[in-house]
Each structure stands twice: as C-alpha cells, then as structure tokens.
Amino acid sequence: MPRFSANLSMLYPDLPFMERFEAAARDGFKAVEYVGAYDQDPAVLKALLERFGLVQALFNLPAGDWGSGERGIGCHPDRVDEFRRSVDTAIAFASATGCGQVNCLAGIAPSGVERGILEKVLVDNLAYAAPRLADAGIKLLLEPINRRDMPGFLINSTDDYERIADAVDHDNLYLQYDFYHMQIVQGDLIPTFRRLQPRIAHVQIADHPGRHEPGTGEINYSNIFKALDEVGYAGWVGAEYRPLASTSAGLGWMQPWPAVSAS
C-alpha cells in the first residue's frame, strides 16, 4: 500500500513552517519532505522529526535564491563552484536528519546560452554529485518539471532524464517522478512509471488541472496507487499539492489507503 509523505512546502500553508511537522504527524503522515530548510538548524529539524515520529523522506539540493525566482542552479555555467559546495551542505543536512535521498533541480535555463552547453554543465555537476552522495549513503534524484508552472525549466520530461542519466553514467542518479508534472508534459503515466520503475526513487502527486488534492481533477489516482502496489514500489509518495481549503479538511482522498500510517 502507498506510504504518503507530507510536502511541507505546500501543505499547511496557514502555519509557520516549523509548526507543520506536528500538523502532518497529527494527520497521520509518517514522513515529510520540502524544497529545503537550509535556513534552519539541522539539529532542530532532527529534534522535530524525532519528537513527532517522522521520517525525512526528501529535500532538494540548495536551489539558489528561491525568493527571487531561482529554481535550481545545476545547469548554470557560472554557478558550478556554488553547486559543488551545495553538495556538501546537502550531505550535512541529510546526515543530520537521517534523509536518504536528495533531489536536484536543474534550474531555469539562462537566456542566450545554448541548450547543449547547459546540459553539459548539468551532466558534469551530477557526475560530481552522484558519487559524493553515494559515499554518504544518499540517493541523488533528478526531477523533470513542466514549463507551464516553471517557464524555462531545463529538464521537462522522462526523455530528458534518460538522456542526462545516460550521459552521467552513474548508478546513483535516480528519477523523481511527479505524476502532476508528467501529466502536463507527456501523459501515458502508468506505462511510463512501469517502464522506469527501477530508476524511480520517489513519487509525488497532485491532480490536474489546478495542482490540488487527488480526486479534484482528471488523474485517476486510484489506478495509479494500484499500479504502485502491483510493481512493488516501496518508496514514499509525496503529497505535493495546493490544498483547496485547509490541508486537514482535504485529506479524505487518503482514506481508502490505510498505509498512510505505515512506517
């Protein structure tokens, strides 16, 4: 049965970030994830996880200045040194919080730079990060994101992931498969998931259109959750959506799946 992780960057938006851990645990989640919390003391994050019995399922490598619109620096030719320092930062936070995987956001393509150059920078950065993270016992993930929500984002499809992963040629580069993004970009959700399942380390969900709770749009999540079970997917399923009302009131979609409380 699916195991659900609360994405604290999107759920419980009415609460301060550090109070969202308790809210997620109270609603039955056993894991949390978020874009990043590098402005927090990792010892405090660890204490919150332990206090509320939560697993840190995932967070991203430092993604640049999020508030100013940056969405990752992995493809930026002038940020290579910063990216490599960010790997050390992520390892420190992951080690402190017991997190076994981190996601790389490739970034929005800088204007005026050829795509081939940007992909080469990304490949070189991932080739640096993958063994470093492997040595620390941490999986490295790469996430395709649709350009409707994130205009200009470099990596958009599973084809993009496979091309980059082939070039990196390291077994510690996994796919973060977000059903919402993939519905917008390419569809064919379950067959693609089945084909790539051995390389998928983390799944995220939201419905489309609107990026709200499962059951509010066109994606048949009942079929998707059954498919996850059928292939033996054992990772977390990240609830990364914008609640229509309060987060707690909108969690009825999880009720047929009692494994929300499984460890």
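Below, the figures for the structure above:
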item: Cα gyration tensor, the stretch 92-220 - rounded (a/c under 1.5), prolate or oblate; result: oblate
item: Non-local Lys pairs in the chain, i.e. 8 or more apart or on different chains, that have alpha carbons under 25 Å apart; result: 5
item: Footprinting exposure proxy for 213, 82, 218 (fewest neighbouring C-beta atoms within 10 Å first); result: 218, 82, 213
item: Total formal charge among the other residues, if their Cβ is under 10 angstrom from that of residue 91, Lys/Arg +1 and Asp/Glu -1; result: -1
item: Considering only the stretch 3-261, percent of DSSP beta bridges that pair antiparallel, nearest 5; result: 5 percent
item: Span-like helix ranges in the chain, DSSP H, alpha carbon extent 24 angstrom or more, Kyte mean at least 0.0; result: 80-97, 115-135
item: Computed helical MRE - 222 nm, the chain, DSSP H runs ≥ 4 contributing -39500 (n - 2.57), nearest 500; result: -10500 deg cm²/dmol
item: Quotient of Cα Rg and 2.2 N^0.38 Å for the chain, N being how many residues it contains; result: 0.95
item: Selection from 11, 250, 91, by position along the positive dipole direction of the stretch 3-261 (Cβ); result: 250
item: Burial ordering of 118, 173, fewest other beta-carbon atoms within 10 Å first; result: 118, 173
item: Per-residue HN-Hα couplings for the stretch 99-112 [Karplus 6.51, -1.76, 1.60; θ = phi - 60°; Hz; x = Gly/Pro]; result: 8, x, 7, 10, 9, 9, 8, 5, x, 7, 5, x, 5, x
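All of the numbers you see were taken from the coordinates with simple rules; none came from a lab. Quick caveat: nothing in here was measured; it's all calculated off a predicted structure. FYI the Cβ positions are ideal-geometry reconstructions off the backbone, even for glycines, and counts take in every protein chain you see.
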